[in-house]
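The values are calculated or read from the model by the stated rules, or taken from the named source; none is laboratory data. Keep in mind that this is a model prediction, so the values were computed, not measured. Heads up, the Cβs are rebuilt from the backbone with ideal geometry, glycines too, and the neighbour counts pull from every protein chain shown.
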Amino acid sequence: MKEGFFRPREYHRPNNLQEATWLLSSFGKRAKLIAGGTDLLVNKPPEVECLIDVASLDLNYIRKDGNGITIGAATTLDLIERSPMFSAGPYVVLSEAASNMATPTVRNMATIGGNICNASPAADLSLALMVLDSTVKIYGLDGSRVLPIGAFFEDVNKTALAEDELLVEIHIPMSPAGTGASFLKLRHHQTAIDLAVVNVATRLTCSDDFCEDARIALGAVAKRPIYAEKAKRLLTGKRLDGKLIQEAAEIASKEAKPIDDVRSSARYRRRMIAVLVKRALELSITRCET
Amino acid sequence: MTKRDINICVNGKWYELAVEPYETLLDILRNRLGLTGTKSGCAKGECGACTVNIDGKAILSCLTLAVQVDGKEILTIEGLPKGAELHPLQESFVKHSAVQCGYCTPGMIMNAKALLNHNSNPSEKEVRKTLSSNLCRCTGYERPVKAILDAARIMRGKDER
């Protein structure tokens, strides 16, 4: 086979997590996990010699219990978009992000785990999961570990996963009463290949117009999705009004470190972060009241 | 290890095939089974011309490996007619002249089929949203939308699947 073509010679479909980690550790960098295939089979990396399919690991589920909602890594986006668990409360932020991605057919295939493990700085689901304080469960040769989602993203297309590890599930804790969240994405047209110019998710917990707690996550403005910590601190404990929201939006845009690329200039991205954060916060406030 | 044996059910018929790990379902359908109704447009998930149904759901055969669909039931455009009788969606596309060059048509129809599987009475907006998966560079979308809504109405009347 010529170099430069995607020509994996092996395909494995492990039946349990141990088997999957053995395969991952024995093939190392030459192996790649495959789920929906909507990133891998578009990029077709020529260095991949072995495909490890997650289809038989039973990671396609959305479960709710007293502690929150747990989503299996191989759950497809169409299920998240339509799930009643993400149709109310602050959890709608996840279905909003999912329905804003690609086309319906791609969403029938693409998985939540694939989206976040690809670690695009512009990934839509990452931001929604970040404002919901999600954690990720990772399984490897030494057993499982849990990380806050913010610590999962390390760089462009790089996660905290070691070579022998895979993402098993994402856990979303219950938010306190009076919490609202929203997701907004600036884009050209919604197509299979459309990525965010910038995207934003926010979550507010309010009590009598006072902000008790806040989260603001920004996408496509750094090497990984980031929290706007200064803007969050400004809001927390204060009475929410138009002036404060505007100020928080401007601070968030200063926390962004965007670059110029084919989709947009850095300057425009920074300006639009202020606009989107303001709108997302306003929308989150209206959702706190219901 | 290179080739793997798979069993797939295409349009109601089971096939046993030895496939390379990198061969897509699209490659297999067109080159091995001769089912060229499924089109290869962009071959990277952007155009929807290769849309087929797996277990009743619309998926892109260009972004699906043949090894991944081992044991699954696949429906392509060739599986829609009953003998010489076209499927109501196909009839409707003909009746509404919803076809120009025809390259995107099988993908559109298979996508519409999957929509009608779980929603027998879709709104125009739902049909348009579904067709956002399929690029057409000739006629636009007016006629396909009308054709799908009309087919849905006819299928509800017939109470056929």
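Structure summary
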read-out: Count of residues meeting criterion [β-branched (Val, Ile, Thr) and within 14 Å of another protein chain (Cβ to nearest Cβ)] in the stretch A:76-95; value: 1
read-out: Given (1) among the hydroxyl-bearing types (Ser, Thr, Tyr); (2) more than 19 Å from A:VAL131 (Cα to Cα); (3) touching a strand residue (DSSP E or B) at 6+ places or on another chain (Cβ under 8 Å), number of the condition A:THR205 does not satisfy; value: (2)
read-out: Some residue of the stretch A:4-20 being crowded, with 16+ Cβ neighbours inside 10 Å, within 14 Å of chain B (Cβ to nearest Cβ), without any contact (Cβ under 8 Å) to a residue 60 or more places away in the chain and within 21 Å of the chain's Cα centre (by Cα); value: no
read-out: Evaluation of A:GLY68 against (1) under 16 Å from the mean Cα position of the chain (by Cα); (2) on the phi > 0 side of the Ramachandran plot (one fails), failing number; value: (1)
read-out: Verdict on A:ILE71 being assigned to a helix (DSSP H, G or I), away from every other protein chain (no Cβ under 14 Å) and either in contact (Cβ under 8 Å) with a residue 24 or more places away in the chain or among the hydroxyl-bearing types (Ser, Thr, Tyr) (or both); value: no
read-out: Criterion (in contact (Cβ under 8 Å) with a residue 12 or more places away in the chain, buried (at least 24 other Cβ atoms within 10 Å of the Cβ) and not in a helix (DSSP H, G or I)) met by exactly one of A:LEU161, A:LEU167; value: A:LEU167
read-out: Filter result for the condition that a residue is of a type outside the set (Asp, Glu), closer than 24 Å to A:LEU33 by Cα and away from chain A (no Cβ under 14 Å), over B:ILE59, B:ILE77, B:ILE8; value: B:ILE8
read-out: Residues located in the stretch A:102-143, provided they are surrounded by fewer than 24 Cβ atoms within 10 Å (Cβ to Cβ), touching a helix residue (DSSP H, G or I) at 6+ places or on another chain (Cβ under 7 Å) and assigned to a loop (DSSP other than H, G, I, E, B); value: A:LEU141
read-out: Matching entry among A:SER87, A:SER26, A:SER95 (being within 18 Å of A:LEU161 (Cα to Cα) and polar (S, T, N, Q)); value: A:SER26
read-out: Filter pass, A:ALA98 being in contact with a helix residue (DSSP H, G or I) (Cβ under 8 Å, 6 or more places away or on another chain), at pLDDT 95 or above and within 13 Å of chain B (Cβ to nearest Cβ); value: no
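Each row is one residue, and each column tells you yes or no for (1) surrounded by fewer than 20 Cβ atoms within 10 Å (Cβ to Cβ); (2) more than 14 Å from the chain's Cα centre (by Cα).
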| residue | (1), (2) |
| --- | --- |
| B:VAL67 | no, yes |
| B:SER97 | yes, yes |
| B:PRO106 | no, no |
| B:LYS125 | yes, yes |
| B:SER133 | no, no |
